[in-house]
Amino acid sequence: MFDIGVNLTSTQFAKDREQVTARAREAGVTGMLITGTNALESQQAQRLAERHPDYCWSTAGVHPHHASEWSAETANTLRRLAESPQVVAIGECGLDFNRNFAAHDQQEYAFDAQLALAAELNMPVFLHCREAHERLAAVLKPWLAQLPGAVVHCFTGTRQELESCLAMGLYIGITGWVCDERRGLELRDMLPQIPANRLLLETDAPYLLPRDMRPRPTSRRNEPCFLPHIVQQVAHWRGEEAQTLAARLDRNARTLFGLA
């Protein structure tokens, strides 16, 4: 089982990053993708991945919250990072019309620029979408034929939005959000609709600790070592064997990110 979304650059991991990675290995996690959300964190993510060859990889991108930071210098930094073997996707990029930390036009400009970069470099994209599906699809569609693949990270959209993403050929990233009995029930019901070859799972650690873990961790911090719990639950709700699903997830991740 491959964790496609780990925010290992977070200060919440400042004291024990190496132990976090070790616990993930011990738990049976077969690989991890470390998320870059701006130029600095993308550089940090690449250096962290470099410490664990053939186990950790990273993305390089600018999250919509940081869209106002986009510049030619940022683009050059991402292009340079993409030359390293650890960086296997452009992102986290996309649109977030929920928090609106950046103006919508700034978000769309930075998103389109990163799609252009991914097309130029023939790299998949790691997408963020929150309350912005229609505009994200409109910006993304002209680039799809030039991209080797894309995943909607931490999907929490509607059934109609899921159908739209699948029609565009996107992979769907599911987190421990689906384990939340308050907010995740609609998403849980949609799990069987996702084709096995389009499903990816992630912890989004240190965020989105699964609420149904028993016993509950003493810390509210999520970790990649909790991915097996998400796999187990998702397999149950899809009517599959957890071991079979875990192997499928690993193949999907390695196919999308060119690690096969």
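The conditions are (1) part of a loop (DSSP other than H, G, I, E, B); (2) surrounded by 22 or more Cβ atoms within 10 Å (Cβ to Cβ); (3) within 18 Å of the chain's Cα centre (by Cα), and ALA102 fails exactly one of them. Which is it?
In the conditions (1) part of a loop (DSSP other than H, G, I, E, B); (2) surrounded by 22 or more Cβ atoms within 10 Å (Cβ to Cβ); (3) within 18 Å of the chain's Cα centre (by Cα), ALA102 misses (3) alone.
Check region 217-225 and report whether any residue there is modelled with pLDDT of 95 or more and open to solvent by 60 Å² or more (accessible area, probe 1.4 Å). Before you say what the answer is, go through the steps one by one.
Initially, region 217-225 is screened for residues modelled with pLDDT of 95 or more, giving 221-225.
Cutting the leftovers down to open to solvent by 60 Å² or more (accessible area, probe 1.4 Å) gives us none.
Scanning region 217-225 turns up no residue that is modelled with pLDDT of 95 or more and open to solvent by 60 Å² or more (accessible area, probe 1.4 Å).
Anything in region 226-239 that is open to solvent by 10 Å² or more (accessible area, probe 1.4 Å) and either in contact with a Cys (Cβ under 6 Å, 6 or more places away or on another chain) or free of Cβ contacts under 8 Å to residues at least 24 places away in the same chain (or both)? List them, or say none.
Keep residues of region 226-239 that are open to solvent by 10 Å² or more (accessible area, probe 1.4 Å), which gives 226, 228-229, 232-233, 236-239.
Across region 226-239, the qualifying residues are GLN232, GLN233, HIS236.
It is to be established whether one or more residues within region 145-162 are under 23 Å from HIS236 (Cβ atoms), open to solvent by less than 50 Å² (accessible area, probe 1.4 Å) and assigned to a helix (DSSP H, G or I).
yes
Is it true that LEU121 is surrounded by 23 or more Cβ atoms within 10 Å (Cβ to Cβ) and at pLDDT 95 or above?
Considered against the rule, which asks whether it is surrounded by 23 or more Cβ atoms within 10 Å (Cβ to Cβ) and at pLDDT 95 or above, LEU121 comes out as no.
Do we have any residue at all in region 196-204 that's of a type in the set (D, E, K, R), in a loop (DSSP other than H, G, I, E, B) and loosely packed, with under 12 Cβ neighbours inside 10 Å?
Within region 196-204, none of the residues are of a type in the set (D, E, K, R), in a loop (DSSP other than H, G, I, E, B) and loosely packed, with under 12 Cβ neighbours inside 10 Å.
Write out, first by first residue and then by second, each pair whose Cβ atoms fall under 6 Å of each other, whose residues are 6+ apart or on separate chains, and whose first residue, in region 100-124, is charged (D, E, K, R) while the second is assigned to a helix (DSSP H, G or I) and open to solvent by less than 20 Å² (accessible area, probe 1.4 Å).
Cβ pairs passing all conditions: GLU108/VAL139; ASP112/VAL139.
For every residue, the table says whether it meets (1) within 19 Å of ALA75 (Cβ to Cβ); (2) touching a helix residue (DSSP H, G or I) at 6+ places or on another chain (Cβ under 9 Å).
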site: ALA113; (1), (2): yes, yes
site: ARG135; (1), (2): no, yes
site: LEU147; (1), (2): yes, yes
site: HIS153; (1), (2): no, no
site: ILE172; (1), (2): no, yes
site: CYS179; (1), (2): no, yes
site: MET190; (1), (2): no, yes
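Those residues that are part of a loop (DSSP other than H, G, I, E, B), in contact (Cβ under 8 Å) with a residue 60 or more places away in the chain and surrounded by 16 or more Cβ atoms within 10 Å (Cβ to Cβ), I need them from region 11-54; list them, please.
Hits for region 11-54 are VAL29, THR30, THR35.
The values are calculated or read from the model by the stated rules, or taken from the named source; none is laboratory data. Just so you know, these numbers come straight off a predicted model, no measurement behind them. Because the Cβ atoms are built from the backbone with ideal geometry, glycine has one as well, and the counts that use them run over all protein chains shown. In case anyone asks, the SASA skips ligands and DNA or RNA and just uses the protein heavy atoms, side chains included. Shrake-Rupley method; radii C 1.70, N 1.55, O 1.52, S 1.80 Å.
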